[in-house]
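For reference, the structure discussed in these notes is given below.
The values are calculated or read from the model by the stated rules, or taken from the named source; none is laboratory data. Fair warning: this is a prediction, and the values are worked out from it, not measured in the lab. No Cβ is skipped: glycine too gets one built from the backbone with ideal geometry, and neighbour counts run over all protein chains shown.
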Amino acid sequence: MPNQKKVREVMIPLEDYPHIPQWFTLRQAVAIVRESTIKYAGVYKPRAVMVFDQDHRLVGILTIRALLKGLELVFLQGEVPVHAATTIDNLLGPDLKQQAERPVSEVMSPIRASVQADASLVQALFALIKENVGTMPVLEGDQAVGMVRLTELFLEISQAILKKTNEEPP
């Protein structure tokens, strides 16, 4: 097969992907995601943060959705009706500062799927779709070395599809 790319060729390396220790607060996680979004604007937009324990083992993923839910925004509790006049300040609520000090370990998700760096793109795609996740840690042995997203795999697949459909018939 002409396209035998490995996951390592399309993954976002760990040093370029937001990652934090499990004892960081939600406030600290917000700062890391925001910084990464600004730093890599136009390259990729992080939608999750990798979470590690004190021994540098990957223990979870903190999605932006889980992060926002963890802040217990008041509209999630039905305290503020959401309509066109609602402002961000109204949604944040009086307990935001206290909620922002919660550790990420309280709201992160366990790792549902991972893939080895030398696995094929097809193996990674299968795992992402099977587990219904958009991002997945890439490992070398048991050490995280990066993150692969459905976005990168879609770009590879779309390139192959468009190339194939533009070929002359036999």
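Numbers for the structure displayed
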read-out: Only one of Q54, Q123 that is at pLDDT 90 or above, more than 18 Å from the chain's Cα centre (by Cα) and farther than 23 Å from M11 by Cα; value: Q54
read-out: Verdict on E101 being acidic (D, E) and surrounded by 18 or more Cβ atoms within 10 Å (Cβ to Cβ); value: no
read-out: Index of the failed condition, K164 passing every other in (1) under 23 Å from I32 (Cβ atoms); (2) part of a helix (DSSP H, G or I); (3) modelled with pLDDT under 90; value: (1)
read-out: Answer residue from the stretch 77-120, given it is of a type in the set (A, V, I, L, M, F, W, C), assigned to a helix (DSSP H, G or I) and closer than 15 Å to R27 by Cα and is modelled with the highest pLDDT among those; value: V104
read-out: Residues that are part of a helix (DSSP H, G or I) and of a type outside the set (A, V, I, L, M), drawn from the stretch 21-36; value: R27, Q28, R34, E35, S36
